[in-house]
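*Asks:* This structure is in structure tokens; I'll ask about it shortly.
The values are calculated or read from the model by the stated rules, or taken from the named source; none is laboratory data. Treat the numbers as computed from the prediction; the structure is a model and nothing was measured. Cβ placement follows ideal geometry from the backbone for every residue including glycine, while neighbour counts extend to all protein chains displayed. To get the accessible areas, we keep the full protein, side chains included, count just its heavy atoms, and leave off ligands, DNA and RNA. Shrake-Rupley method; radii C 1.70, N 1.55, O 1.52, S 1.80 Å.
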Amino acid sequence: MSAVLGRTSDAHASADLTRDDVLDNITLYWLTNTAVWAGRLYWENKVNLYNAANISIPAAVTVFPGESYRAPRSWTEQAYHKLIYFNEAEKGGHFAAWEQPAIFSAEVRAAFRPLRGRT
């Protein structure tokens, strides 16, 4: 919501989102009557997402500086036993794919690069 108010989060700018960008997004949820459905995940999820999990499939993690929780590599390695990629991006926040699409897509490509050519 910092983009609406023009604020920063932990000294990181509210990304490149404008008030119009945020209003467009909210309007889309409003007009399609999907806001409640989109928020349902947060309402029903009682799990603490910040506890280390026990994930044994290959995983990739990019930490964005404007995110509400920035997982350190030590926590990430505990949670994901087959960590194939870890990086801390220079820009981006909770909505990284929307805020910084070029950085986000580069991170996805880098994350899957080690899996190319495997059968």
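*Asks:* Please go through the range 19-70 and give me each residue that is outside any helix (DSSP H, G or I) and small (Gly, Ala, Ser), ordered by number.
*Replies:* Ala52, Ala53, Ser56, Ala59, Ala60, Gly66, Ser68
*Asks:* Checking Ala110 against (1) of a type in the set (A, V, I, L, M, F, W, C); (2) assigned to a helix (DSSP H, G or I); (3) modelled with pLDDT under 95, only one condition comes out false. Which one?
*Replies:* Ala110 satisfies all of (1) of a type in the set (A, V, I, L, M, F, W, C); (2) assigned to a helix (DSSP H, G or I); (3) modelled with pLDDT under 95 except (3).
*Asks:* Mind listing whichever residues of the range 78-102 are open to solvent by less than 60 Å² (accessible area, probe 1.4 Å), touching a helix residue (DSSP H, G or I) at 6+ places or on another chain (Cβ under 7 Å) and not in a strand (DSSP E or B)?
*Replies:* Ala89, Gly92, Ala96, Ala97, listed by residue number.
*Asks:* Scan the range 104-115 and give yes if some residue there is of a type in the set (Val, Ile, Thr) and open to solvent by 100 Å² or more (accessible area, probe 1.4 Å), otherwise no.
*Replies:* no
*Asks:* A further question follows. Are there any pairs, at least 6 apart or on different chains, whose C-beta atoms fall under 7 Å, with the first in the range 42-67 and open to solvent by 100 Å² or more (accessible area, probe 1.4 Å) and the second of a type outside the set (A, V, I, L, M), and if so, which?
*Replies:* Going by the 7 Å Cβ cut-off, the qualifying pairs are Tyr50/Tyr69; Ile57/Lys82.
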